[in-house]
Amino acid sequence: MEGLLDHTLRDVLTRVGGVDRCVSEFIRVTDQLLPPRVFTRVVPELLNGSRTPAGVPVRPQLLGSDPACLAENAARLAELQPAGIDLNFGCPAKTVNRHRGGAVLLDEPELIHRIVAAVRRAVPAGIPVSAKIRLGVQDGTRAIECAQAIDTAGADDMVVHARTKAQGYRPPVDWERVADIRAAVALPVVANGDIWTMQDAQRCREVTGCGDLMIGRGMVRDPGLARCIQAQSAQEARPANWMELLPLIGEFWRQVSGRVEHRHRAGRLKQWLSSLRSRHPEAQAAFDELRLVHDPVRIEAWLSRALLLS
């Protein structure tokens with residue numbers, strides 16, 4: 001979730017509970033060996049045992065198309081003792097695809113195999129290697145071929161986003177195709193795509209046969225979603241209410257203020273509030289109040305009032 005879900009949001013979202021593992025935004029690998037500071041800048045959790053402050057493991061994600069260069073960078077990343085290394089074959093962004101990264105490689109399962117195999121060889125056995133794919137570029141005709149390429153290359157598990165590159169994030173999502181992929185490979189498959197509610201999660205599990213789910217945009221909109229999905233029953237589910245979220249929003253703002261340029265701070269907060277407003281009417285009211293506000297001092301004053309009232 002490039003541009004939205006970074007280490008700051010990982011921190012506050014994993015404090016809510018229900019998350020077993022995170023994957024970072026991608027680290028682009030082109031034609032050079034990256035210094036360790038690049039990995040730790042994107043994934044500062046590497047300096048904390050590859051875990052968020054709440055203790056949730058984080059796997060850094062690499063994106064590229066050169067097997068040798070990816071393997072070399074994976075080996076360097078492995079020196080930082082990550083909780084795992086993930087490979088991105090799912091990003092649909094045109095800029096990324098134009099430079100032979102992400103989902104465009106799904107038309108080249110042989111190359112995907114070489115990438116995964118090279119990274120697996122370069123990384124110590126104790127560090128899991130995973131991959132994320134979509135169903136294909138224009139259609140899903142090569143989905144199983146790509147999944148088997150990843151499986152036979154030695155990956156430990158794989159996430160399948162149940163759309164093609166051409167679909168982007170438009171509906172419908174094809175969970176049935178994920179079930180076909182799961183039946184065709186031996187490695188564990190994690191289902192992903194359009195999981196917005198507990199009911200979506202239940203249906204996704206039923207259709208795909210996958211016990212594990214990856215949620216991205218759904219968690220940003222509804223920070224209590226993972227916790228509710230992990231509950232044993234609807235009665236045990238504890239959605240995150242606005243009073244629980246306000247201190248997390250305050251912590252998010254505190255961290256953003258410590259590392260983001262003055263003129264961009266308000267935009268980061270409003271970006272998250274914009275997502276939250278689909279589940280929380282209070283977020284809509286906050287967004288409306290702050291929509292034209294760019295001064296961090298005024299935002300801090302709003303936060304102080306909101307936390308005092310809570």
If you take the residues in region 126-175 that are among the aliphatic types (A, V, I, L, M) and within 17 Å of the chain's Cα centre (by Cα), which one is farthest from H113 (Cα to Cα)? A162
Would you be able to tell me the number of residues in region 110-137 that are part of a helix (DSSP H, G or I) and of a type in the set (S, T, Y)? 0
M198 fails exactly one of (1) closer than 21 Å to A240 by Cβ; (2) buried (at least 20 other Cβ atoms within 10 Å of the Cβ), namely (2)
Of the conditions (1) in contact with a Leu (Cβ under 8 Å, 6 or more places away or on another chain); (2) over 27 Å from V185 (Cα atoms), T52 clears all except one; give me its number. (1)
Filter pass, E110 being in contact with a helix residue (DSSP H, G or I) (Cβ under 8 Å, 6 or more places away or on another chain), acidic (D, E), at pLDDT 95 or above and closer than 30 Å to R142 by Cβ: yes
Checked R227, R254 against criteria (farther than 25 Å from I195 by Cβ, among the charged types (D, E, K, R) and out of contact with any helix residue (DSSP H, G or I) (no Cβ under 8 Å at 6 or more places or on another chain)); the one match is R254
Which pairs turn up if I take residues in region 170-193 that are touching a residue at least 12 places away in the same chain (Cβ under 8 Å) and within 10 Å of M158 (Cα to Cα) and look for partners that are crowded, with 19+ Cβ neighbours inside 10 Å and of a type in the set (S, T, Y) with beta carbon separation below 7 Å, at least 6 apart in sequence or on another chain? R182/T208; A191/T208
Looking at (1) part of a loop (DSSP other than H, G, I, E, B); (2) surrounded by fewer than 20 Cβ atoms within 10 Å (Cβ to Cβ); (3) at pLDDT 95 or above, find the lone condition where G168 falls short. (3)
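The values are calculated or read from the model by the stated rules, or taken from the named source; none is laboratory data. As the structure is a computational prediction, the values presented were derived from the model and not from experiment. Cβ coordinates were reconstructed from backbone atoms using ideal geometry, including for glycine residues, and neighbour counts include every protein chain displayed.
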